[in-house]
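K.L.:
Structure incoming, see below.
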Amino acid sequence: MANILIVHQNFPGQFPHIADALLARGDRVAAIGAKTARPRPGVDFRGWSTNRGSTKGILDWATRAEVLRSTDRAPQCQRKCQSLPADPLELI
């Protein structure tokens, strides 16, 4: 049995079958995702959110680029990682 951590802002996103397969083979699965992520049965899910929004009046097409460059995501994700049990996890 392995301990697996999945980090995906929209968990399970396009990979629900991966989490399901890992659980089916007996692995312990944890996931961390943003506010658009959703819990999945059997997965220890932790959500995170940023403290920063988009700039007012920014062009629609530029919003995603602004969010992607946000340095607020990494510390939020780190705090959620630190809230997981101390057992070592494999990162995927």
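K.L.:
Within the stretch 21-41, how many residues turn out to be in a helix (DSSP H, G or I) and either closer than 18 Å to Gln76 by Cα or in contact (Cβ under 8 Å) with a residue 12 or more places away in the chain (or both)?
P.N.:
2
K.L.:
Kindly check whether there is at least one residue in the stretch 28-41 that is at pLDDT below 90 and either in contact with a helix residue (DSSP H, G or I) (Cβ under 8 Å, 6 or more places away or on another chain) or of a type in the set (A, V, I, L, M, F, W, C) (or both). Steps first, please.
P.N.:
Taking the stretch 28-41 as the starting set, the residues that turn out to be at pLDDT below 90 are 32-36.
Okay, now just the ones that are also either in contact with a helix residue (DSSP H, G or I) (Cβ under 8 Å, 6 or more places away or on another chain) or of a type in the set (A, V, I, L, M, F, W, C) (or both), so 32, 34.
Yes.
The values are calculated or read from the model by the stated rules, or taken from the named source; none is laboratory data. Keep in mind it's a predicted model, so treat the numbers as computed, not measured. Reconstructed Cβ throughout: ideal geometry from the backbone, glycine too, with neighbour counts over all protein chains shown.
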